[in-house]
Amino acid sequence: MDGGGRLLGIGEMARASGLSISALRFYDGAGVLAPASVDPGTGYRRYAQRQLPAARLLAGLRRIGMPLAEITRILELRGSDPAAVSRLLDAHLRRLEEGLADARREAARLRVLCAAAEPSAEPEVRLTVPGRELAAAVDAVRFAVGADPGLPMLGGVHFEFDRDVLRLVATDRYRMAVSEVCAAPGNPGDGDAVTRVTAPVSFVDAARALLTGGWPATLTLGSAAVSLRVRDRRVTGTPMEHDFPDYRRLLRTATGGPDRRRVTVDVAGLRERLTAAETRTVVRTDDGARCAVSVLTVDATNRLTVSPAETPTASTDPVVRVGVDREFLLDALDAVGAGQLVLELDGPIRPLAVRRLDDDRAFSILMPVRI
């Protein structure tokens, strides 16, 4: 008999907790909620009465779609750090709200498509954009455009206009860059629904060449054509036919979260340290490419070091250690420019975020390299 009272059979535990029998078996196998005893002959699981509160909490977290890793973390912290539990719940609720907002925007776009005379054609939107800001937005994402002919959907910049905000996104699978700029719709009703167009890199480069004088620019996004006009000069292109990947899912995974380390560093200083430090040569498993990897570590005092040329302080072990393609990180620093930036990182498998200190409208996400 368990010290917490009579043991509950797995069926009783299921009824009392709100978890199904199969769910209890799954969470046992995952190491989240192990039974108090297992019959060595039959494998029958029995649970202690004292495990019931944890099982009921687990059932509630499961109902709101909490990821398994965060469920485990909450069960570990529930009795010792209620503030951390609250932060994890808040972060998950933000993700759910962002997902619902994405679904509403997509539903609005689909309503427009269904109401159009030609269901296959999306409405055209014309925007007035400050030239200098659009040039900066292009510069912030251009380096992340993919060049793999086997992935043509990544060979351009994705433009997304939603409620007076124009977002530019580029990715090559290993990194992603995002930038936003305020834009005024040029036609009545242009701001009512989300417009998405992926423009080929040839158009993006030609458009960027026009954005040198700081003059206002008129950007037209449509399913048949995309164009940019600056004063009496104009470039046009044909949108890519391939669907751009769902970048928002990666954003929700890679940004925010209560456990992420945020380190403020000087761009020039970090560039110097990256250039001087030794790297490790790693062969990527998916495409066989060789890359020079820098190892970043953050200790408990939030001190960032670049390994192995630099080593953490002897008094503290690294709290976070992550490998990143050095050239990709240097490209991201170029996109940030001079001044200070914020690095967000929290481990060897989650993406690293690079943000401007004074402007969160442009940032890069770099996938870590296993070391």
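General remarks:
- Under the Karplus curve 6.51 cos²θ - 1.76 cosθ + 1.60, θ = phi - 60°, whole-Hz ³J(HN,Hα) for the range 275-283, x wherever Gly or Pro sits: 5, 7, 6, 5, 10, 10, 8, 10, 9
- Couplings 3J(HN,Hα) of the range 52-64, computed from phi: 4, x, 5, 5, 5, 4, 4, 4, x, 5, 5, 5, 8 Hz, in residue order, whole Hz [Karplus 6.51 cos²θ - 1.76 cosθ + 1.60, θ = phi - 60°; x for Gly and Pro].
- Nonlocal amide H pairs with V320, under 5 Å, H built at 1.01 Å: V298
- GNM on the chain, alpha-carbon springs under 10 angstrom: the most fluctuating residue among P40, P185, P351 is P40.
- Helical content of the chain, expressed as a calculated mean residue ellipticity at 222 nm, amounts to -10500 deg cm²/dmol (DSSP H runs of 4 or more residues, -39,500 (n - 2.57) each, divided by residue number, nearest 500).
- Its Kirkwood hydrodynamic radius, worked out from the mean inverse distance over all distinct Cα pairs, puts the range 1-112 at 15.8 Å.
- Accessible area, probe 1.4 Å, largest first, for residues C114, C291: C114, C291
- About the centre of its Cα atoms, the chain shows a dipole size close to 840 debye [charges on the beta carbon of Lys, Arg (+1) and Asp, Glu (-1) only; nearest 20 debye].
- Signed unit charges on C-beta, dipole axis of the chain, positive-most listed residue V204, V125, A353: A353
- Rg and Dmax of the range 267-306, both derived from C-alpha coordinates alone, stand at 12.7, 37 Å.
- As a calculated quantity, the FRET efficiency between D360 and R249 at R0 = 22 Å, using C-beta atoms, amounts to about 0.65.
- On Cα atoms only, tilt of 131-141 relative to the major axis of the chain in degrees: 40
- Label positions at R132 and A206, each projected 7 Å from the Cα along the C-beta direction, are separated by 2.8 nm.
- DSSP-loop chymotrypsin sites (Phe, Trp or Tyr not before Pro) across the range 1-108, with at most 15 other Cβ within 10 angstrom: Y44
- Accessible surface ranking that places the most exposed of E97, E180 first, with a 1.4 angstrom probe: E97, E180
- Highest-first packing order for the peptide set 8-17, 132-141, 227-236 is 132-141, 8-17, 227-236, based on the mean count of other beta carbon atoms within 10 Å.
- Cα-based convex hull volume of the chain per residue, rounded to whole Å³: 199
The values are calculated or read from the model by the stated rules, or taken from the named source; none is laboratory data. In this text the structure is predicted, and so the values were computed from the model without any measurement. Please note: Cβ atoms are built from the backbone with ideal geometry, for glycine as well, and neighbour counts cover all protein chains shown. Protein only, heavy atoms only, side chains kept; ligands, DNA and RNA dropped before computing areas. Shrake-Rupley method; radii C 1.70, N 1.55, O 1.52, S 1.80 Å.
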